[in-house]
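First up is the structure itself, then whatever we jot down about it.
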Amino acid sequence: CSDIISTVEFNHTGELLATGDKGGRVVIFQREPESKTEPFSQGEYNVYSTFQSHEPEFDYLKSLEIEEKINKIRWLPQQNAAHFLLSTNDKTIKLWKVSERDKRPEGYNLKDEEGRIKDISTVTSLQVPVLKPMDLMVEVSPRRVFANAHTYHVNSISVNSDYETYMSADDLRINLWHLDITDRSFNIVDIKPANMEDLTEVITAAEFHPHHCNLFVYSSSKGTLRLCDMREAALCDKHSKLFEEPEDPSARSFFSEIISSVSDVKFSHSGRYLLTRDYLTAKVWDLNMESKPLETYQVHDYLRSKLCSLYENDCIFDKFECAWNGSDSVIMTGAYNNFFRMFDRNTKRDVTLEASRESSKPRAVLKPRRVCAAGGKRRKDDISVDSLDFTKKILHTAWHPTENIIAIAATNNLYIFQDKLNSEMH
């Protein structure tokens with residue numbers, strides 16, 4: 001179970017795709033360049049590098065095991081030939097450098113071919129060392145370790161658009177870091193009450209605005225979003241905007257609070273909208289309208305009648321992520337039974353697709369799936385709610401920044417679908 005994928009992230013060009021897993025490993029995939037002889041070969045992602053990012057640790061003061069599972073990966077925009085990424089487990093964030101070597105120096109004056117130091121008395125002439133081609137090597141090295149800043153579990157990291165700072169969020173606090181400084185961070189949100197018995201909500205996700213380096217948003221277990229402006233105050237406990245949908249009193253139930261908890265929040269590429277996911281719905285919010293979401297999409301409304309059993313088997317606490325396509329016109333999020341959902345914001349059409357070995361032979365076209373509610377009329381190929389497999393859940397998805405290529409993590413399998421995938425929606 002250590003190879004269960006726990007996060008998926010494209011870099012800013014989409015040429016690289018990183019996954020993190022429960023065993024603390026990061027696997028980076030690289031997109032193959034297009035070949036003239038095989039037009040279909042382009043877009044295939046092959047393993048580029050694999051490395052161990054985090055190891056299990058033990059906190060002796062608290063007698064707590066800190067698991068190695070990678071909670072989030074975030075790429076830094078590329079500034080030179082090397083790539084940099086941040087990865088985090090529950091407590092420690094690390095900055096990794098990924099670089100290539102395809103030449104090696106030869107012809108040293110003071111070292112022999114094996115690298116041993118020569119006896120200087122035997123050196124009678126000087127030569128100029130030369131670079132010789134060698135097989136490509138991908139080297140991954142840790143450049144910074146940002147530790148000891150989180151009492152609670154880290155759930156989010158987000159790189160700022162100034163490319164100098166990033167933030168990390170845990171259940172009760174958000175810290176701002178400089179990428180070059182590891183021994184101190186700046187606390188920008190702290191919702192911890194003086195008495196923990198008064199605790200009513202926790203932070204579930206946080207992200208910086210894609211263009212304005214002073215703005216960030218964080219979501220809570222009460223279903224609210226808070227937009228904060230770092231220009232207003234050093235400690236952003238007082239938000240600039242609060243996005244919250246008033247609850248319908250007639251629909252209130254024992255599960256209302258649990259299913260309204262926001263599991264993910266993402267700014268649109270334009271920076272104008274916010275996409276959130278709670279247990280049953282995905283919502284799009286306009287930054288200029290706090291009173292209610294602009295759009296609400298039912299991800300799997302047929303589960304409303306099943307909340308009791310989903311509470312008993314803990315599935316109701318699953319944290320589904322969500323993603324925008326490159327033009328902010330389509331949103332994607334996961335569901336159960338290895339299904340994932342896509343919603344076209346313009347045509348209002350939606351589709352359910354399945355990530356499974358059977359459905360994803362190379363070049364196969366994905367067939368839309370339908371789930372029918374218990375007692376409803378079944379059509380051919382419909383799946384009944386009662387036969388859904390709740391152990392097969394798609395929590396982590398990512399969309400290529402500019403193209404119709406998506407990455408879907410289904411337990412310990414990574415599926416990459418592209419272009420023709422969604423012909424009925426694009």
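Charge tally around Y166: other residues with Cβ under 13 Å, Lys/Arg +1 each, Asp/Glu -1 each, net 0.
Among 262-272, 344-354, what's the highest-first ranking by average C-beta atoms within 10 angstrom per residue? Mind showing how you got there, number by number?
Details: 262-272: 19.1, 344-354: 16.3.
Highest-to-lowest ranking by the protection proxy: 262-272, 344-354.
In sequence order, segment 282-295 has phi-based couplings of 10, 10, 10, 10, 8, 4, 8, 9, 8, 6, 7, x, 5, 9 Hz under the Karplus curve 6.51 cos²θ - 1.76 cosθ + 1.60, θ = phi - 60°, and Gly or Pro positions carry x. Considering only alpha-carbon pairs that sit under 8 angstrom and 6 or more positions apart, the relative contact order computed for segment 153-280 is 19 percent. Amide H contacts under 5 Å for L395: T411, restricted to partners 5 or more places along the chain or on a different chain, H placed in the peptide plane at 1.01 Å from N. Loop-located trypsin sites (Lys or Arg not before Pro) in segment 143-193 (DSSP state other than H, G, I, E, B) with a sparse environment of at most 15 neighbouring Cβ atoms within 10 Å: R184.
Taking amide H as placed 1.01 Å from N in the peptide plane, V299 has its amide H under 5 Å from the amide H of T281, A282, each at least 5 places away in sequence or on another chain.
Roll a 1.4 angstrom probe over the protein heavy atoms and tell me the percent of accessible area of segment 215-339 that is carbon or sulfur. All intermediate terms of the calculation are to be shown ahead of the outcome.
Numbers: 2660 of 5260 Å².
Roughly 51 percent of what the probe reaches on segment 215-339 is carbon or sulfur.
Could you check which residue among D102, D314, D119 shows the biggest mean-square fluctuation in a GNM of the chain with a 10 Å Cα cutoff? Result: D119 has the largest fluctuation of those listed.
Database remark: amide H of H209 closer than 5 angstrom to the amide H of L215, F216, V217 (H placed geometrically; neighbours at sequence offset of 5 or more, or on other chains; Pro and chain starts carry no H).
Each residue was assigned an accessible area with a 1.4 Å probe, and for E68 the value is about 40 Å².
Per-residue Karplus couplings for segment 391-401, computed as 6.51 cos²θ - 1.76 cosθ + 1.60 with θ equal to phi - 60°, are listed in order as 8, 9, 10, 9, 8, 10, 9, 8, 10, 3, x Hz, Gly and Pro entered as x.
Kindly provide the trypsin sites (Lys or Arg not before Pro) of segment 87-130 that DSSP labels as loop, not H, G, I, E or B, and whose Cβ sees at most 15 other Cβ atoms within 10 Å. Let's see the in-between values first.
Numbers: sites: K91, K94, K97, R101, K103, K111, R116, K118; in loops: K91, R116, K118.
When the trypsin sites (Lys or Arg not before Pro) of segment 87-130 are filtered for loop state and at most 15 Cβ neighbours within 10 Å, R116, K118 remain.
Legend note: in the chain, cysteines whose Cβ sits 4.7 Å or more from every other cysteine Cβ are C1, C213, C308, C315, C322, C372.
Based solely on its DSSP helices, what 222 nm [θ] is calculated for the chain when runs of n ≥ 4 H residues each add -39,500 (n - 2.57) and the sum is averaged over all residues, nearest 500 deg cm²/dmol? Display every interim value, and only then the final one.
Working: 2 runs with 11 residues, N = 426.
Per the formula, -500 deg cm²/dmol.
Order C213, C1, C315 by their accessible area, 1.4 angstrom probe, all chains in place, largest first.
On the way: C213 60, C1 115, C315 10 Å².
Heavy-atom accessible area, descending, gives C1, C213, C315.
Highest mean packing first, where packing is the average number of other Cβ atoms within 10 Å per residue, the peptides 186-195, 331-340 line up as 331-340, 186-195. What the phi angles of segment 256-265 give under the Karplus curve with 6.51, -1.76 and 1.60, with θ = phi - 60°, is a coupling list of 3, 5, 5, 7, 8, 4, 7, 8, 7, 9 Hz, glycine and proline written as x. A Förster distance of 35 Å, applied to the separation of the beta-carbon atoms of Q78 and F186, puts the FRET efficiency at 0.85.
The values are calculated or read from the model by the stated rules, or taken from the named source; none is laboratory data. Just so it is clear, the model here is predicted, and its values are computed rather than measured. Cβ atoms come from the backbone with ideal geometry, glycine included; neighbour counts cover every protein chain shown. Heads up: the accessible areas ignore ligands, DNA and RNA and are worked out on the full protein's heavy atoms, side chains in. Shrake-Rupley method; radii C 1.70, N 1.55, O 1.52, S 1.80 Å.
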